[in-house]
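Input: a single structure, listed below in structure tokens.
The values are calculated or read from the model by the stated rules, or taken from the named source; none is laboratory data. A quick note: this is a predicted structure, and the numbers were derived from the prediction, not measured. So basically every Cβ, Gly included, is an ideal-geometry build from the backbone, and we count neighbours across all protein chains shown.
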Amino acid sequence: MATRALLALREASPWWALAGAAAAAALLWLVVWTLEWAWWTPRRLDRALRAQGLRGTRYRLFTGDVRENARRNREARTKPLPLGCHDIIPRVLPMVHDLVKENGKLSFSWFGPTPRMMIPDPELVREILSNKFGHFGKPKTTRVGKLISNGLFNHEGEKWAKHRRILNPAFHQEKIKRMLPVFSTCCVEMITRWENSMLHEGSSEIDVWPEFQNLTGDVISRTAFGSSYQEGRRIFQLQEELAERLIQSFQTIFIPGYWFLLTKNNRRMRQIAREICKLLRAIIEKREKAIENGETNSDDLLGLLVESNMRESNGKVNLGMSTEDIIEECKLFYFAGMETTSVLLTWTIIVLSMHPEWQELAREEVLNHFGRARPDFDRLSRLKIVTMILYEVLRLYPPVIFLNRRTYKEMELGGIKYPAGVNLLLPLLFIHHDPTIWGKDASEFNPERFSEGISNATKYQTAFFPFGWGPRICIGQNFALLEAKMALCTILQRFSFELSPSYTHAPYTVITLHPEHGAQVKLKKL
């Protein structure tokens, strides 16, 4: 018996040896890959940048500046800004603010093992965003980031071009114009609710931040999903929770494999993602069948998207978007149609409360054009003062405060050679507040600077990037601006407003620029 066992062990030993050798080789490969990713490549990139006279922070193994950035954000958020102060950079981007002070505008920090280079020159920003030769791509989106949306915003090359082509008809000005009655109805419902909550004196205090989130959520739910808007609202509520949980994961998303750990946050994000996809799939499939049967006129964004996709594909699956693609584009509607406009409206009401003289000028213009009647498209497009105000708010409080691009080959930009693997940080907030671009009053509210339009607001061709620039400029910008004009006009027709004593001026970023403690204002019925 013992002899048989010994023979069996001898016969099996080559397999054990082979398995052991494979495991050792895999372990060696993992060690080498980790050293390359976390040490050798960052050191090589650091030397290449510093050799050209660039300065930046010292690389910390694995984490880079992520933890230090989080610490400075926490510290900055303990210090609200004085009322009327629009110099928000030290509070919103304290790490980048200090980096510029210590190392100059053209400097770099580290996001994990990747250098992130500041590009503060608007001409270079335009060159990067125009991306004529395809050399400045978007950084690869993490698995966690794709949960929010893996749609048009993330795509590159032919896939981006195809999706943009299919989506364009849904955001054509004539199509958006037909959605104006929905904008108006949602605004009137909000205003009526405000009026009903008022005391006998005709005044009340209200936090407009959640009110505008509800308004824009209602608008995008109705304009995106039509009769299915109640299901749309549930989707957007889930998206909001997902965005908050994504922020929680930002300190760990650069750690390889972290997404696969069964943490409570990771499990909940997966659960939300599955529920969103299930809801959207049901709505989309129902809409596709309805369009095929001629049962809908496709007046909402989803209907227009499905109809455009059917025309593009012409029955050939590989030419159009898949159901999964449409699901991802619908998820993107949340940020394109809800988040941006609610942020813009909130900061506009806050700023006009701080500057009542401009509030009165805007109200006078609105009443001259519409009186108490519902605003119409043609006259909304002719509002000069309201447009100037919205542009100036977008300059001082852009919803998205920076964009990221990446070099995928060595590229020369502004006389500097950037090796492959460098992230380029396009600091829109810094550019919008730069006194060398906008003048000494760059951090002051002065809508007059846009009196001759965007192109004449500075000596540059353009240094105004609230919706990006170039071929990838936000497809929903006209939708957002028209909705904001409608809401602002409706409010100005019926109320005057000022900041409540309970308001704290504390902008901070949760993907977009939010008021940390809400936006409490005192409304007075006119």
Checklist entry - Of everything in the range 390-414 that's in a helix (DSSP H, G or I) and touching a residue at least 60 places away in the same chain (Cβ under 8 Å), which residue is farthest from Leu482 (Cα to Cα)? => result Leu396
Next on the checklist: Considering only the range 250-265, I want to know if a residue exists there that is in a helix (DSSP H, G or I) and at pLDDT 75 or above.
Outcome noted: yes
Item to check | Residues of the range 150-186 satisfying the condition of being small (Gly, Ala, Ser), at pLDDT below 85 and at negative phi | outcome: Gly151, Ala170
Checklist entry - Out of (1) more than 30 Å from Gly53 (Cα to Cα); (2) surrounded by 20 or more Cβ atoms within 10 Å (Cβ to Cβ); (3) modelled with pLDDT under 95, what's the single condition that is false for Leu383? => result (3)
Next on the checklist: Would you confirm, using the coordinates I've provided, whether Leu390 is under 15 Å from the mean Cα position of the chain (by Cα) and not aromatic (Phe, Trp, Tyr)?
Outcome noted: no
Next on the checklist: If I filter the range 415-441 down to residues being among the hydrophobic types (A, V, I, L, M, F, W, C) and in a strand (DSSP E or B), which single residue comes out as surrounded by the fewest Cβ atoms within 10 Å (Cβ to Cβ)?
Outcome noted: Ile416
Next on the checklist: For the range 369-389, give me each residue that is among the charged types (D, E, K, R), in a loop (DSSP other than H, G, I, E, B) and within 21 Å of Val182 (Cβ to Cβ).
Outcome noted: Arg372, Arg374, Asp376
Checklist outcome for this item: Among residues of the range 306-331 being over 26 Å from the mean Cα position of the chain (by Cα) and of a type in the set (D, E, K, R), the residue modelled with the lowest pLDDT is Lys316
Checklist entry - In the range 489-526, what residues are among the hydroxyl-bearing types (Ser, Thr, Tyr) and either in contact with a Pro (Cβ under 9 Å, 6 or more places away or on another chain) or over 18 Å from Ser342 (Cα atoms) (or both)? => result Thr490, Ser496, Ser500, Ser502, Tyr503, Thr504, Tyr508, Thr512
Checklist entry - Is it the case that some residue within the range 334-349 is touching a residue at least 60 places away in the same chain (Cβ under 8 Å) and either charged (D, E, K, R) or on the phi > 0 side of the Ramachandran plot (or both)? => result yes
Item to check | Residues (touching a helix residue (DSSP H, G or I) at 6+ places or on another chain (Cβ under 7 Å), of a type in the set (S, T, N, Q) and assigned to a helix (DSSP H, G or I)) located in the range 148-186 | outcome: Gln173, Ser184
Item to check | Every residue from the range 79-109 that is aliphatic (A, V, I, L, M) and assigned to a helix (DSSP H, G or I) | outcome: Ile89, Val92, Met95, Val96, Leu99, Val100
Checklist entry - Would you call Phe402 surrounded by fewer than 22 Cβ atoms within 10 Å (Cβ to Cβ) and within 30 Å of Leu180 (Cβ to Cβ)? => result no
Next on the checklist: Just to check your reading of the model, which residue among Glu211, Glu201, Glu189, Glu195 is at pLDDT 90 or above and farther than 17 Å from Thr341 by Cβ?
Outcome noted: Glu195
